[in-house]
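Quick notes on the structure that follows.
The values are calculated or read from the model by the stated rules, or taken from the named source; none is laboratory data. Keep in mind that what you see is a predicted model, and the values were worked out from it rather than measured. Because the Cβ atoms are built from the backbone with ideal geometry, glycine has one as well, and the counts that use them run over all protein chains shown.
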Amino acid sequence: MKLKRIMSRKIKGVISAIPMLVAGMTTKVFAAGISGSKIATGTTKLISDATSWLLVLAPSVSVLLIIYYLIRKGMSDEMEHKKWNSRIVVTIVSCIGAVVASVLINVLVGYYQ
């Protein structure tokens, strides 16, 4: 019991000393001009292009899926109507989520341009 207590104190001491050592060994580095680099400008253009495609594709695919689900719902029996209704609701909610996410990403990328 006594040995266990001594070992736990030593372990706590070593663990508490680690952040101090890491803080003492860090060096401050300042980077300037990263906003004008090819990687930064290319990445922002790629993200804005991808989100603009998402704004077009998400509603289109959702409409096609809803049409498919409505056709399948029309051909199914009464027991499966609830399943197809829930799939239609999930598709609509997913489309709204994709469009909102795309718009938010476009707003954030537009802030950095």
Legend entry - Single match in 35, 62 (criterion: touching a helix residue (DSSP H, G or I) at 6+ places or on another chain (Cβ under 9 Å), closer than 30 Å to residue 111 by Cα, in a helix (DSSP H, G or I) and at pLDDT below 70): 35
Legend entry - the range 70-100: number of residues that are hydroxyl-bearing (Ser, Thr, Tyr), within 28 Å of the chain's Cα centre (by Cα) and surrounded by 12 or more Cβ atoms within 10 Å (Cβ to Cβ): 2
